[in-house]
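Chemist: Could you have a look at this structure, given as structure tokens, before my questions?
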Amino acid sequence: MTDTKTQAAASAMWGGRFAGGPAAIMQRINASIDFDKRLYAQDIRGSKAHCRMLVRAGILTAEDGEAILGGLDKVLAEIEAGDFPFSAELEDIHMNVESRLAALIGEAAGRLHTARSRNDQVATDFRLWVRDAMDGMDAALKGLLDALLSRAEQHADTVMPGFTHLQAAQPVTFGHHLMAYVEMISRDRGRLTDARRRLNESPLGSAALAGTSFPIDRHFTAAELGFAGPMRNSLDGVSDRDFALEFMAACSICAVHLSRLAEELVIWTSAQFRFVKLSDAFTTGSSIMPQKRNPDAAELIRAKTGRVIGDLNALLIVMKGLPLAYSKDMQDDKEPVFEAADTMELAIAAMTGMVWDLEVNVAVMRGAAGAGFTTATDIADWCVRALKMPFRRAHHVAGSLVKLAEDKGVGLEDLSLDEMRAIEPGITDEAQRVLSVEFSVASRTSFGGTAPQRVREAVAAARAALDAEAS
């Protein structure tokens, strides 16, 4: 680009204030079109709403308004067809669209920017984009919930060990375990809903920072763009990025949930566990070890959590020191949001695929559920119920039985009645029946417990909630 062209571009953007063009390095650091072109649909949508409002308020003629709306439709079609000549010299998506509009319709294009600034324009575009991303993520999470609920219902009776400290603790059902993730993902959706409600106010009409002297109708443009209403303070309108931070905070927490399930899939698919198997669709082989089936999709989800959390931290650090109102620092608000949204879209899709894909090894899970004296609490509970024993004493009795079984190298259920009575004379053959893992899980009937009937009830309730949403 020649100096003359640079100066012409600068003059078109900034008016008569600058006599010379920017240095080449200034152009590079200042331009955002490489990433903010993703806002094109939202930018054109916002411009069309602004144009309609200007005509309605008598600020633009109907003829100019018609030309602008038709020109914007042509710009949109060019971008979507891949025929739009994006230019770094024009800095951002706003000026690229406006410049092309001027080439298409002439002088009327310059009237579109009446009563607005790039400050409120980008704030509006970005809110619209994040709102769309929230809606897309919510739909993807619904798909994941559907997969989890289907597999949980299928395995409401499948017994597995429940863990604390990654040590076998008590028997649970695989369905109950999956329903824990249903709860997590449901909360993730709730966070998106809450954040979307706060986001859903329009900054358009805040102008540069102080509002405008033109008789605009901000309630009209807010309604046109699907916002609940306009933001109440023009300074806040152009400088707020809480909506982006809340979105990324919700993404980060959701990513942690996906990572925890991914970690469990990595563990469960190992040769030492063999609880589940993933098909070739979600695993890879080794370049040197032909026996390997690596759960790479799960591992990559686990890794990508850090990137999402890093994106949140990046924007928090950008925003933490900014005085009101707009500062150029805020140009760097979009890349971390775009990356977080893209990462979550991929991670949710991959996790949904793996949940549908996984093959459950019911026999191995059942065998592991009884290992490690996981029904010790059941014998303690029996002593409390049947012998009216204080729980602390019952805990001691159960611990003594565990030690005896451990010393003998057998399970609790393998101890004879005489051996058990040697530790606690009140024990009867009824106590031996509570030591099976099936009895253990069936007995956990408290609300939210692992009993198969409770799992089925939880699945039904969650499905009913989703159906109610849809209707």
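Chemist: Hand me the trypsin sites (Lys or Arg not before Pro) from segment 359-468 located in a DSSP loop with no more than 13 other Cβ atoms within 10 Å, in residue order please.
Modeler: Details: sites: ARG366, ARG385, LYS388, ARG392, ARG393, LYS403, LYS408, ARG421, ARG433, ARG444, ARG454, ARG456, ARG463; in loops: LYS388, ARG444.
Listed in order of number, the matching sites are LYS388.
Chemist: Note down the accessible area of PHE391, probe 1.4 Å, to the nearest 10 Å².
Modeler: Counting only protein heavy atoms, the figure is 90 Å².
Chemist: Hey, can you find the accessible area per residue of segment 368-469 for me, probe 1.4 Å, expressed in square angstrom? Can you show the working numbers first?
Modeler: Working: 5420 Å² over 102 residues.
Here the per-residue accessible area is 53 Å².
Chemist: Calculate, for segment 176-272, the solvent-accessible area per residue in square angstrom, rolling a 1.4 angstrom probe over the heavy atoms of the protein chains. Provide the component values of the computation, followed by the final result.
Modeler: Numbers: 3960 Å² over 97 residues.
That works out to 41 Å² for each residue.
Chemist: Amide H of ALA169 versus every other amide H placed in the peptide plane: which residues, excluding those fewer than 5 positions away on the same chain, fall under 5 Å?
Modeler: GLY162, PHE163, THR164
Chemist: Taking a cut-off of 17 Å, what percent of all Cα-Cα pairs in segment 322-386 are separated by more than that?
Modeler: Across segment 322-386, Cα pairs with separations above 17 Å total 73 percent.
Chemist: Related question: So what is the accessible area of segment 24-112 per residue, in Å², with the probe set to 1.4 Å?
Modeler: Numbers: 4230 Å² over 89 residues.
Dividing the accessible area of segment 24-112 by its residue count gives 48 Å².
Chemist: Follow-up. What is the angle, in °, between the Cα long axis of helix 62-81 and the longest principal axis of the Cα atoms in the chain? Nearest 10 is fine, range 0 to 90.
Modeler: 50
Chemist: Taking the alpha-carbon set of segment 24-112, what are its Rg and Dmax in Å?
Modeler: Computed over the Cα atoms of segment 24-112, radius of gyration and Dmax are 13.5, 43 Å.
Chemist: Give me log10 I(q)/I(0) at q = 0.16, 0.18 Å⁻¹ for segment 368-469, Debye formula, one equal scatterer per alpha-carbon, no solvent.
Modeler: Values returned for q = 0.16, 0.18 Å⁻¹ are -0.70, -0.82.
Chemist: Right, next: Would you pull out the residues with amide H under 5 Å of VAL276's amide H, same chain only if 5 or more places away, H placed 1.01 Å from N?
Modeler: THR269, ASN361
Chemist: For segment 368-469, with the dipole built from +1 on Lys and Arg beta-carbon atoms and -1 on Asp and Glu ones, taken about the Cα centre, which of GLY411, ALA394, ALA442 lies farthest toward the positive end?
Modeler: Checked the options; the winner is ALA394.
Chemist: Express the carbon and sulfur contribution to the solvent-accessible surface of the chain as a percent, rounded to the nearest whole number, probe 1.4 angstrom. Can you show the working numbers first?
Modeler: Details: 11870 of 22290 Å².
The nonpolar share, carbon plus sulfur, comes to 53 percent.
Chemist: Let me ask something else about it. Please identify every one of the trypsin sites (Lys or Arg not before Pro) in segment 199-257 that sits in a loop by DSSP and has no more than 14 other beta carbons within 10 Å of its own beta carbon.
Modeler: Numbers: sites: ARG218, ARG232, ARG241; in loops: ARG232, ARG241.
The qualifying sites are ARG232.
Chemist: Could you tell me which of rounded, prolate or oblate describes segment 256-393, using a ≥ b ≥ c as the square roots of the eigenvalues of the alpha-carbon gyration tensor, with rounded for a/c under 1.5 and, failing that, prolate when a/b is larger than b/c and oblate otherwise?
Modeler: Details: a/c = 3.94, a/b = 1.56, b/c = 2.52.
In terms of gyration-tensor shape, oblate.
Chemist: While we're on this one: Would you compute, for the Cα atoms of the chain, the largest minus smallest coordinate along each principal axis and list the three values in descending order, in whole Å?
Modeler: 100, 53, 39
Chemist: In Å³ and rounded to a whole number, note down the convex hull volume per residue for the Cα atoms of segment 362-414.
Modeler: Expressed per residue, the convex hull around the Cα atoms of segment 362-414 is 79 Å³.
The values are calculated or read from the model by the stated rules, or taken from the named source; none is laboratory data. Keep in mind that what you see is a predicted model, and the values were worked out from it rather than measured. Every residue, glycine among them, receives a Cβ derived from its backbone with ideal geometry; neighbour counts consider all protein chains shown. Ligands, DNA and RNA are excluded from the accessible area calculation, which covers all protein heavy atoms including side chains. Shrake-Rupley method; radii C 1.70, N 1.55, O 1.52, S 1.80 Å.
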